[in-house]
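Peer 1: Here it is, the structure in full.
The values are calculated or read from the model by the stated rules, or taken from the named source; none is laboratory data. Remember, predicted model here, so these are calculated numbers, not experimental data. Ideal geometry is used to build each Cβ from the backbone, glycine not excepted, and the neighbour counts take in all protein chains shown. To get the accessible areas, we keep the full protein, side chains included, count just its heavy atoms, and leave off ligands, DNA and RNA. Shrake-Rupley method; radii C 1.70, N 1.55, O 1.52, S 1.80 Å.
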Amino acid sequence: METEEIPDPIVIYDKYAKISHPGEYKGGLIIKLQNQIVKMIFSDHVILTENSIDISGLAVGIRNGRGFSSEQNLHLNSFNDIIYIVRLEPEIIKEFDNARFSAIYPNIVRLMHTALLYHKLGYRIIDHLDFVAGEILHRPVAILKNHGLIIGDRLVGDEDMHLVFYDCIIIGGIPYMDEKEKDLDKSDKSIESEQKIQDPRFDEHQLENSDNIPKSASLESNILISYEHFMMFPIEQIETIFLLGTENF
């Protein structure tokens, strides 16, 4: 008698909904962090237990006002900074890959290394949008103010800051605005400590805290993942925009 195979969950970990599914996961995985340096990790291998997590992937973040990305292999004994871990279904990854523009498309602005296009958190503002208004920007990744993410193939913005992401994966439906606003005050107080950090690698000691992984799924997660051919977002909803380097994406 054949047993029915149980598919891997889409939401593997959700801090605020107190959801966790320990196990070993491979494929398209995205880890969203609330950390002063690393903001997210694109991973293809995560091992989650009740007390620790092992992550292999590309960490993307901000260091001294500049965007960076680097390959990481991490072992963490704390989940304090992890907001969620989600799995992209193969159908979404396939649709996203099939929609990418050719590398020889002539009107796309490219960068060899990951760059920070926009960042607004508290009173800190980094804004280069005016310099690229009307241009087609390649490989944008945006962080929304409610912890959501936009992973796009292209981004176009005009002088009125209407931002349109093309062929994008959207992670949304996250009703954590109240919690996020509280975090803004905390982040402003830690600006000085952030500026002192010179090593762009993800410091796992920053995450060593008393918060452990939830023991049970007491709530239902609101996180939703979808693929859209294009989506417009007002700048007021966006916290950060990265342009990933060509070697990474």
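Peer 1: Just one of the numbered conditions (1) of a type outside the set (V, I, T); (2) modelled with pLDDT under 75; (3) open to solvent by 40 Å² or more (accessible area, probe 1.4 Å); (4) closer than 16 Å to E239 by Cβ is not true of Q195; which one?
Peer 2: So Q195 meets the others, but not (4).
Peer 1: Taking N222, is it at pLDDT below 50, over 22 Å from L116 (Cβ atoms) and in a loop (DSSP other than H, G, I, E, B)? I'd like the intermediate steps shown before the answer.
Peer 2: Details: at pLDDT below 50: no; over 22 Å from L116 (Cβ atoms): yes; in a loop (DSSP other than H, G, I, E, B): yes.
The answer is no for N222.
Peer 1: Let me ask something else. Taking the conditions exactly as written (among the aromatic types (F, W, Y) and touching a helix residue (DSSP H, G or I) at 6+ places or on another chain (Cβ under 8 Å)), does Y16 satisfy them or not? Working first, answer last.
Peer 2: On the way: among the aromatic types (F, W, Y): yes; touching a helix residue (DSSP H, G or I) at 6+ places or on another chain (Cβ under 8 Å): yes.
Against the criterion (among the aromatic types (F, W, Y) and touching a helix residue (DSSP H, G or I) at 6+ places or on another chain (Cβ under 8 Å)), Y16 qualifies.
Peer 1: Still on this structure, please answer the following. If the Cβ limit is 8 Å and pairs must be 6+ apart or interchain, which residue in region 108-128 that is part of a loop (DSSP other than H, G, I, E, B) pairs with which residue that is modelled with pLDDT under 80 and open to solvent by 70 Å² or more (accessible area, probe 1.4 Å)?
Peer 2: Short answer, once both residue conditions are applied: M112/E247; H113/E247; G122/D185.
Peer 1: Based on what the data block shows, is S69 at pLDDT below 95, open to solvent by 20 Å² or more (accessible area, probe 1.4 Å) and within 17 Å of L149 (Cα to Cα)?
Peer 2: Yes: the conditions hold for S69.
Peer 1: Additional query: Looking at the structure I just gave you, is D8 out of contact with any helix residue (DSSP H, G or I) (no Cβ under 7 Å at 6 or more places or on another chain) and open to solvent by 40 Å² or more (accessible area, probe 1.4 Å)?
Peer 2: yes
Peer 1: Go through the residues of region 226-234 one by one and say whether even a single one is within 25 Å of G67 (Cα to Cα) and modelled with pLDDT under 50.
Peer 2: no
Peer 1: Here is a further query. Could you say whether any residue in region 146-159 is under 21 Å from the mean Cα position of the chain (by Cα), modelled with pLDDT of 50 or more and open to solvent by 30 Å² or more (accessible area, probe 1.4 Å)?
Peer 2: Yes: one or more hits.
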